[in-house]
1. Could you give the accessible area per residue of the chain, probe 1.4 Å, as a whole number in Å²?
2. Taking H placed 1.01 Å from N in the peptide plane, check which residues at least 5 places from R96 or on another chain put their amide H under 5 Å from its amide H.
3. Once you've got the Cα coordinates, tell me which of K58/K134; K258/K282; K134/K274; K53/K139; K134/K258; K134/K282 are over 22 Å apart.
4. When a/c is below 1.5 the answer is rounded, else prolate if a/b is larger than b/c, else oblate, so apply that to the stretch 147-287 with a ≥ b ≥ c taken from the square roots of the Cα gyration tensor eigenvalues.
5. What helices does the chain have that are whole DSSP H segments, at least 27 Å long along their own axis by Cα, and with mean Kyte-Doolittle hydropathy of 0.0 or more?
6. Classify the stretch 131-210 as rounded, prolate or oblate from the Cα gyration tensor: take a ≥ b ≥ c as the square roots of its eigenvalues, call it rounded if a/c is under 1.5, otherwise prolate when a/b beats b/c and oblate if not.
7. How large is the helix-only mean residue ellipticity at 222 nm for the chain, computed as the sum of -39500 (n - 2.57) over DSSP H runs with n ≥ 4, divided by its residue count, in deg cm²/dmol to the nearest 500?
8. Can you tell me, using C-alpha contacts under 8 Å and at least 6 residues apart, the relative contact order of the chain as a whole percent?
Amino acid sequence: MDLISSLGNATFENYVALDSGFTEMAYQMSAHVLTLGYAIMLAGLLYFVLTLKTVAPKYRISSVLSVVVMVSAFLLLLVQQQNWTGAMTYDTETARYVLGSSTDLFNNGYRYLNWLIDVPMLLFQILFVVTLTKSDFSKIRNGFWFSGTAMILTGYVGQFYEVTSPTLFLVWGFISTVFFVHILILMKRVISEGKEGAPPKAQKYLGTIWTLFLFSWMLYPGAYLMPYLFSLGLEPALSETAVVARHITYTVADVSSKVIYGILLTLTAQEMSKADGYDYEKLDSAI
């Protein structure tokens, strides 16, 4: 049976499952990485709830947004993991995991739904911690929202063509990248202005946030292109290794860009709070 006629615009994970299936190791590694992803989001949720009062009230909206991001990520990544295990079934004849005959296909769309909720809030968070010295708050916020939403939506459309039409896949990916570059420019401006007048330790944290931001957000286009990175051509590689690599890359990116980023923002807000005269450790010991 022709693979494309049988699966259409499904993502390449399904083509691998139908073509050769997954070994026990590849299937379980993917399942475990997906499980780790939503478990870390739940742990992050507890951290942001418990540290909410360690920052001054005017900075707490950033922590609140982190809580919302963690809830969203936990729920949708949980569904993503269930989608993976539900789409596959074990074939005793080949000793491999293959597509089930009466199950839904695996779909990375759940990640895009999660990002559609989380990306604008992740970008907004830092605006409630730093003070902009030159840029207009509303313009930066609107720029973050527009480019963040457009980046996710165009990437969402593109992923449906990663097997059936490499040209459309790359075109939509390129359009998404344009919005991604705009986000990088805005974030660099926000962090540069935020460092002005901030306490030395807060400046150090902001510098680390910029490095983390570049690292974690650059992983997403890498995961998007994963089938082609393994093929080194214009045809996607139907490789279980590429599937596992994509799951790992997306999970590392999500944990870095949401949990670690949020923790660094909390640490920055704590230093800013101390500079404003709000020291939670002293207040707590005085009670």
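1. Numbers: 13130 Å² over 287 residues.
Averaged over the residues of the chain, the accessible area is 46 Å².
2. Placed amide hydrogens put D91 under 5 Å from R96.
3. On the way: K58/K134 20 Å; K258/K282 29 Å; K134/K274 24 Å; K53/K139 29 Å; K134/K258 27 Å; K134/K282 34 Å.
Too far apart for the 22 Å limit: K258/K282; K134/K274; K53/K139; K134/K258; K134/K282.
4. On the way: a/c = 3.56, a/b = 2.37, b/c = 1.50.
Prolate, since a/c reaches 1.5 and a/b exceeds b/c.
5. Details: long enough: 24-50 (39 Å, 1.30); 60-87 (40 Å, 1.19); 137-158 (31 Å, 0.47); 166-195 (42 Å, 1.26); 200-224 (37 Å, 0.30).
Helices meeting the span and hydropathy rule in the chain are 24-50, 60-87, 137-158, 166-195, 200-224.
6. Details: a/c = 4.36, a/b = 2.53, b/c = 1.73.
Prolate shape, in that a/c is at least 1.5 and a/b is the bigger ratio.
7. Details: 12 runs with 205 residues, N = 287.
Result for the chain: -24000 deg cm²/dmol, rounded to the nearest 500.
8. On the way: 393 pairs, mean separation 73.0, N = 287.
Relative contact order here is 25 percent.
The values are calculated or read from the model by the stated rules, or taken from the named source; none is laboratory data. The shown structure was predicted, so the numbers you read here are calculated from the model rather than taken from an experiment. Surface areas here come from the heavy atoms of the whole protein model, side chains and all, with no ligands, DNA or RNA. Shrake-Rupley method; radii C 1.70, N 1.55, O 1.52, S 1.80 Å.
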